């Protein structure tokens, strides 16, 4: 192997010296879900490393041959024993320093029944005031839950929220009340 800039490429790549095959190192995609029942969220206590014993939302790596939404459903079922109805994309996090992209969905459970899978030692439904913030495994899961709680508050205040997440610097958000949305008619 050697590190070269292949013709027409944008970066240095590991390339086989003998045959010229380029070995790309692309980021991993992580799919997660803020799964809810009656304003309570499913949290799983991790039974595996990293961070065994700490809490998180159901999430894991995308498998070949599945969509990101299918991965979010699979992880919720594998880790929390739950089935979810409609899923909506809630947030996107780019983590270039770790070579990962997180996509977090939100959706309502079809029933309040939860059960720990092989990767979870415990699963529960938590109201926002009972979330164990000091025992969280991953910053992205913590951020997704904080955003979910904010959407609950915004809904009660009749605020429409448009959220965009990107970059290693963290979350960037745009919020507007429905009555203050810009009027773009007649603009070029």
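Here are the numbers for the structure shown:
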| item | result |
| --- | --- |
| Single residue of the stretch 66-90 satisfying the filter (surrounded by 16 or more Cβ atoms within 10 Å (Cβ to Cβ) and touching a helix residue (DSSP H, G or I) at 6+ places or on another chain (Cβ under 9 Å)) that is modelled with the lowest pLDDT | 90 |
| Strands (runs of 3 or more DSSP E) (entirely within the stretch 91-178) containing at least 2 residues that are surrounded by 12 or more Cβ atoms within 10 Å (Cβ to Cβ) and at pLDDT below 95 | 100-109, 160-165, 171-176 |
| Residues (free of Cβ contacts under 8 Å to residues at least 40 places away in the same chain and either more than 30 Å from residue 144 (Cβ to Cβ) or not in a loop (DSSP other than H, G, I, E, B) (or both)) located in the stretch 14-36 | 14, 15, 16, 17, 18, 19, 20, 21, 22, 23 |
| From the options 75, 66, 49, 100, residue that is under 15 Å from residue 137 (Cβ atoms) and without any contact (Cβ under 8 Å) to a residue 12 or more places away in the chain | 49 |
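The values are calculated or read from the model by the stated rules, or taken from the named source; none is laboratory data. Since we're looking at a predicted model, the values are computed, not measured. Virtual Cβ from ideal backbone geometry, glycine too; neighbours counted across all protein chains shown.
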